[in-house]
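Encoded as structure tokens, the structure appears first; notes follow it.
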Amino acid sequence: MAWNIFSNTICQSCGCFKLFTSSYTKVLSSKLTRNISNATKLPKHKIMPPRRALLYVPGHDKRKIEKIGSLKVDCVALDCEDGVALDKKDLARSTIAEVYSEVQKTFSGDLCVRINSPSSGLAEMDIRAITATGNLPSTIIVPKVNSADEMRWFCNEYISSCKRVPLQTSIIFMTESGQGLLNLKEIIEAGIAACAQHPTRCHISGVIFGSDDFCADLEINRTSDASELTYARQKIVATAKAFRMQAIDMVYIDYKDSEGLKKQATDGANIGFTGKQVIHPNQIAPVQECFSPSEEKVKWAEELLGAFEKSTEGVFTFRGQMIDMPTVLQAKNIKRLVEEINK
Ligand SMILES: CCC(=O)SCCNC(=O)CCNC(=O)[C@H](O)C(C)(C)COP(=O)(O)OP(=O)(O)OC[C@H]1O[C@@H](n2cnc3c(N)ncnc32)[C@H](O)[C@@H]1OP(=O)(O)O
Ligand SMILES: O=CC(=O)O
Ligand SMILES: [Mg+2]
């Protein structure tokens, strides 16, 4: 009985199924059975492109847009929002609509468009401009989502504006206020429910932490180690991951300080973020490196998984450490990440 439940619900693309089947034959402790029962309630993993660095490029700035094809970055956001002054919003919309297909020919990463926020009164025009073109963006970023209603509003507005049927548009939204953080779970659930009405057209794939707007909203004083943002960052990661979504960390605005950037990116990766927003080409390589497992870690994971395959026990010793299922799962995460990056 339990066996059938596992095989129908555990994601096979990430390898959990294999792990759970081997662990089933190895250790059938009550603790493990309880963990697997909980796992069955989780949504399935989706195959998502890696978004280790997400570079903002102001949507009206053709000089910067022309650079995109030469940049080795996982993800670019053509911006209609805060990177564009109010009197250049129209120019950003028309430029993005004009160049999107061309840029896609030279850039193989995820080419997103960040629209203005649902409450700005500008988002309708952004949505209309990007859906009017034949080539819909692979990902739309919706900033300053403060409530479930705003999330529902965006999903319905987007679907009803599309002249062509969109195919699996990723929707990533931004948490940038006290309300946004407080309502995070409800916002995600509203997005999942709205997209479930159009399962082949769009899905919610990530949350971005808009820390600068968040600091403004909460009147936070910034410090160099960002310790004042620990709660928000951890809440965003835990909530996003509970729904099997990506979590993308804050911008490091001091873009000439590469050491500070690396420190903050490493901190973000260590607490579970999958990537980080960047604003300058020089930030791409260090950030992507911080969100990639080191060679040493990959070797550790490969060897540990090899040892796990050979072991006939649920608990065994590897490089002097006690290893059981949680550590095997961590090694599997590393293997999966490497596969996604190398795809
Ligand atoms: C924090 C809250 C947010 O909402 S963040 C998102 C909104 N902000 C943005 O989008 C800012 C994006 N970044 C920028 O506009 C620029 O990087 C800023 C910070 C203004 C610095 O520009 P600039 O003085 O030109 O830098 P630089 O001379 O060192 O640039 C070297 C060459 O690289 C280019 N470059 C720079 N930034 C980008 C970018 N984001 N995307 C693509 N290309 C970029 C510059 O144009 C420059 O090229 P060139 O040498 O002139 O040919
Ligand atoms: O939009 C990003 C932010 O930090 O605010
Ligand atoms: Mg913001």
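The values are calculated or read from the model by the stated rules, or taken from the named source; none is laboratory data. Because the structure is predicted, anything quoted here is derived from the model rather than measured. Heads up, the Cβs are rebuilt from the backbone with ideal geometry, glycines too, and the neighbour counts pull from every protein chain shown. In case anyone asks, the SASA skips ligands and DNA or RNA and just uses the protein heavy atoms, side chains included. Shrake-Rupley method; radii C 1.70, N 1.55, O 1.52, S 1.80 Å.
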Original post:
Residues in the stretch 202-215: is at least one more than 14 Å from ligand 2 (Cβ to nearest atom), farther than 30 Å from T133 by Cα and polar (S, T, N, Q)?
Top reply: no
Subject >> One residue from T133, T139, T95, T106 being open to solvent by less than 30 Å² (accessible area, probe 1.4 Å), away from ligand 3 (no atom under 15 Å from the Cβ), more than 22 Å from the chain's Cα centre (by Cα) and not small (G, A, S) >> reply: T95
**OP:** Please state which one of A307, A226 is small (G, A, S) and in contact (Cβ under 8 Å) with a residue 40 or more places away in the chain.
**Re:** A226
**OP:** Answer yes if at least one residue in the stretch 221-240 is surrounded by 23 or more Cβ atoms within 10 Å (Cβ to Cβ) and in a loop (DSSP other than H, G, I, E, B), and no otherwise.
**Re:** no
Subject >> Hey, I204 assigned by TED's automatic domain parsing to the domain that holds Y252 and either within 14 Å of ligand 1 (Cβ to nearest atom) or not in a helix (DSSP H, G or I) (or both) or not >> reply: yes
**OP:** Being in contact (Cβ under 8 Å) with a residue 60 or more places away in the chain and within 16 Å of ligand 1 (Cβ to nearest atom) is the filter here, so list the residues in the stretch 229-250 that pass it.
**Re:** I236, I248
**OP:** Residue by residue through the stretch 76-106, note down the ones that are free of Cβ contacts under 8 Å to residues at least 24 places away in the same chain, of a type in the set (A, V, I, L, M, F, W, C) and assigned to a helix (DSSP H, G or I).
**Re:** L86
Subject >> Tally of residues being more than 13 Å from ligand 3 (Cβ to nearest atom) and farther than 21 Å from I271 by Cα across the stretch 203-217 >> reply: 2
**OP:** Can you work out which of the residues in the stretch 157-184 that are part of a helix (DSSP H, G or I) and touching a Ser or Thr at 6+ places or on another chain (Cβ under 6 Å) is farthest from ligand 3 (Cβ to nearest atom)?
**Re:** S161
**OP:** Could you grab me the full set of residues in the stretch 156-183 that are surrounded by fewer than 23 Cβ atoms within 10 Å (Cβ to Cβ) and in contact with a helix residue (DSSP H, G or I) (Cβ under 6 Å, 6 or more places away or on another chain)?
**Re:** E157, S161, C162, S177, G178, L181
**OP:** Give E228, E219, E176 a once-over and let me know the one that is of a type outside the set (A, V, I, L, M, F, W, C) and on the phi > 0 side of the Ramachandran plot.
**Re:** E219
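Among the residues of the stretch 46-54, is there at least one that is touching a residue at least 24 places away in the same chain (Cβ under 8 Å) and within 15 Å of ligand 3 (Cβ to nearest atom)?
If we filter the stretch 46-54 for residues that are touching a residue at least 24 places away in the same chain (Cβ under 8 Å), which is where we start, we get 46-54.
Retained after the next criterion (residues that are within 15 Å of ligand 3 (Cβ to nearest atom)): 54.
Yes, the stretch 46-54 contains a residue that is touching a residue at least 24 places away in the same chain (Cβ under 8 Å) and within 15 Å of ligand 3 (Cβ to nearest atom).
Just the residues that are assigned to a loop (DSSP other than H, G, I, E, B), more than 16 Å from ligand 2 (Cβ to nearest atom) and of a type in the set (S, T, Y), please, taken from the stretch 107-156.
Selection gives S108, T133, S138, S147.
Go through the stretch 82-92 residue by residue and tally those that are small (G, A, S) and either surrounded by 17 or more Cβ atoms within 10 Å (Cβ to Cβ) or within 12 Å of D126 (Cβ to Cβ) (or both). Give the derivation first.
Here is the first cut: in the stretch 82-92, the ones small (G, A, S) are 83, 85, 92.
Narrowing further to those that are either surrounded by 17 or more Cβ atoms within 10 Å (Cβ to Cβ) or within 12 Å of D126 (Cβ to Cβ) (or both): 83, 92.
The qualifying residues number 2.
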Original post:
Only one of (1) open to solvent by 30 Å² or more (accessible area, probe 1.4 Å); (2) at pLDDT 95 or above; (3) assigned to a loop (DSSP other than H, G, I, E, B) fails for V73. Which number is that?
Top reply: (1)
Original post:
Can we say V113 is modelled with pLDDT of 95 or more and open to solvent by less than 10 Å² (accessible area, probe 1.4 Å)?
Top reply: yes
